[in-house]
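Here the structure is laid out as structure tokens; the discussion comes afterwards.
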Amino acid sequence: MARLGKLRSTEFMGGLALFLAVVCALAIANSPIRHGYESFTHFQLGFGIYRFDLKTWAADGLLAIFFASAGLELRRELTHGDLRNRRRAALPVIAALSGMAGPALIYALITRGDAVALHAWAIPTSTDLAFSLTILGIAGSRIPSALRAFLLTLAITDDIATIVLIAIFYSQAINWRYLIPSLLVLAVYALLQRSGITWWWIALPLGVCSWALMEQSGVHATVAGVLIGLLTNPHRNGNPKSAVERFEHSLAPISAFISVPIFAFVTIGISVTASELATVWHDKISYGIIFARLVGKILGIVGGAWLIAKITRAELSPSLSWWDISAVGILAGIGFSVSLLVALISLGNFPNRLLAAESGILFSGLISAVLAMAALQIRNRAHLRSAH
């Protein structure tokens, strides 16, 4: 319980750090030092084939840490958590997948005929775990742990599935000269973990090596992060803590307080002058993202969960109602980190379209947050009345 409480505290404070990063980026991008901010985000760092600007380092490097942390949490849930119960886990997993399909379909319908916009179809599919858990925490102590577990499973499944989409649809031409060695390093890592050799000073160099090779392979480097997490040993084997627990304890604060906030800060700095906003709001990408998130997420999540509960033996936790799942559907419309990553990958060569995407991500997230807070407060009042 102490570990769970600490994890929740990290998630909550990490969400606040992410919120502050977004506010600071927007404030600076709309201030007299805007050009300094742009120069900063394009500052080159590194050497040789690993010389990138700060935006690229944030998207490929810092987010790899975020996905390694998500992979570790998913591995723990698969072994010891709610995902062990297949009937209970089926609902949020199917809800996550249908909650990705709904926004993707709506966005594709809105942007049909626009090849550049359509290429960015995966932007509205992802859910921001840090922000969503922060909103859920703000909603109060009457939120049942089962609702948090549902959201956690949904968001992690969502994140992992989005990384798979990035690997399949947004990776460049594959360079096998780098990909095969990267996979071999991951295989060595998995073998050592399975053998009980889980020291961090062996795991860290292998993780960095697999990331560095995958960065040059054409497959997005964040894939290495999530695979490292999933391949880590979740069993204690006579030790006080498993490798998953130890690594998660170390990476969770780095991910929450450094990786995700810095990525958001260097990416979300959008100028919102009247003329630029007028241009953005006439772009299919921006209003496509907003409509896809606000409508597609809730329809996909609630509809998918309800359908799988009706036609299979999957079950909803007794402490949850379908109103709770609807609130999660609204909450899942918040998507910053992974959505910004997909936008950067799919629209990086089209600055004006990228601006439209970032605006759509920002406004859909803000609207979803407000609506989710209202829905959760209504839910709390209803449960309080029924308790009396």
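All of the numbers you see were taken from the coordinates with simple rules; none came from a lab. In this text, all values refer to a predicted model and were calculated from it rather than measured experimentally. Methodologically, a virtual Cβ is constructed for each residue, glycine included, from the backbone with ideal geometry; neighbour enumeration extends over all protein chains shown.
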Fill in the blank from the handout: Least to most buried among V116, V164, V328, V266, by other C-beta atoms within 10 Å and fewest first, runs V164, V116, V266, V328
Fill in the blank from the handout: Fewest-first ordering of K55, K310 by Cβ atoms within 10 Å yields K310, K55
Completion exercise
Helix-only [θ] at 222 nm, the chain, -39500 (n - 2.57) per DSSP H run of 4+, per residue, nearest 500, equals -23000 deg cm²/dmol
Completion exercise
Farthest towards the positive end of the dipole of the chain, among A59, H42, L371 and with Cβ unit charges of +1 on Lys and Arg and -1 on Asp and Glu, lies the Cα of L371
Practice task
Helix by helix through the chain, keep the DSSP H runs that span 18 Å or more along the axis on Cα and average at least -1.0 on Kyte-Doolittle, and give those back in order.
Solution key: 2-29, 63-80, 86-111, 145-169, 176-194, 200-215, 297-311, 351-387
Handout entry: Residues in region 193-209 that a label on N239 would reach, taking backbone N under 11 Å of a point 7 Å out along Cα→Cβ
Key = 193-203
Exercise for the section: Would you mind estimating how fast the chain diffuses translationally, via Stokes-Einstein at 20 °C and 1.002 mPa s with the Kirkwood radius over Cα pairs, in µm²/s? Expected result: 100 µm²/s
Problem - Positive-pole candidate from I268, I258, W200, dipole of region 191-346, charges at beta carbon - result: W200
Practice task
Would you please state which residues of region 172-209 a label at Q216 would reach in this model, taking the label point 7 Å out along Cα→Cβ and a backbone N cut-off of under 18 Å?
Solution key: 172-186, 205-209
Handout entry: Dipole magnitude of the chain, debye to nearest 20 (Cβ charges: Lys/Arg +1, Asp/Glu -1, about Cα centre)
Key = 1160 debye
Exercise for the section: Provide T125, T41 in ascending order of the number of other Cβ atoms located within 10 Å of each residue's Cβ, fewest first. Expected result: T41, T125
Fill in the blank from the handout: Cross-link reach from K284 to aspartates and glutamates, straight Cα distance under 20 Å and at least 8 residues apart if same chain, gives D114, E276, E358
Completion exercise
Comparing I345, I168, I285 in a Gaussian network model of the chain (Cα, 10 Å), the one with the largest mean-square fluctuation is I168
Exercise for the section: For M13, put the label point 7 Å out on the Cα→Cβ axis and report which residues of region 250-266 keep their amide N under 17 Å from it. Expected result: 250-262
Fill in the blank from the handout: Whole-Å distance linking the alpha carbon centroid of region 35-68 with that of region 201-220 is 16 Å
Practice task
Just tell me which aspartates and glutamates come within less than 17 Å, Cα to Cα, of K241; anything on the same chain fewer than 8 places away is out.
Solution key: E73, E77
Problem - Cα lying deepest toward the dipole's positive end in region 214-287, options I228, P240, H282, charges on Cβ - result: P240
Exercise for the section: Could you let me know the centre-to-centre spacing of region 148-174 and region 321-388, using Cα atoms, in angstrom? Expected result: 17 Å
